[in-house]
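Accompanying notes for the structure given below.
The values are calculated or read from the model by the stated rules, or taken from the named source; none is laboratory data. The structure displayed is predicted, hence computed values, not measured ones. Virtual Cβ from ideal backbone geometry, glycine too; neighbours counted across all protein chains shown.
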């Protein structure tokens, strides 16, 4: 957690430094970097638009579709879910690759669903409850029916 706090503090300091640079008629990267305790090179790159924040860079790599394509995919998922046919992760990946016209990375579907969890209809891509998995275990079902047969034979 400590490193996360340092990153968020550093990002906040960079934002303050960038704001200060924007107010300067001639940007002074060295003194502004010292004043806000940030790396001068990072500050200069961000100011000139050559470097993005970690968050923006991460979002760029994880967002393979345009906003319109994402809307179409969300609508597709919700229509299928409303019909009680929620698509699997593989189906979502296939549709996304068709929309994009190329491959998406292996974790793209989980990142996409996490990012849009408030817009995807309930029940989509949820893992099956462990109690349901155990209840649908065939040997247990067979054992249950054998006991039922024994019970019927013994008491009838």
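Say whether the condition of being over 30 Å from residue 14 (Cα atoms) and modelled with pLDDT of 85 or more is met by at least one residue in region 126-138. Checked against the condition, which is being over 30 Å from residue 14 (Cα atoms) and modelled with pLDDT of 85 or more, region 126-138 yields no hits at all. Of the residues making up region 29-43, just one is surrounded by 13 or more Cβ atoms within 10 Å (Cβ to Cβ) and more than 15 Å from residue 11 (Cα to Cα), namely 29.
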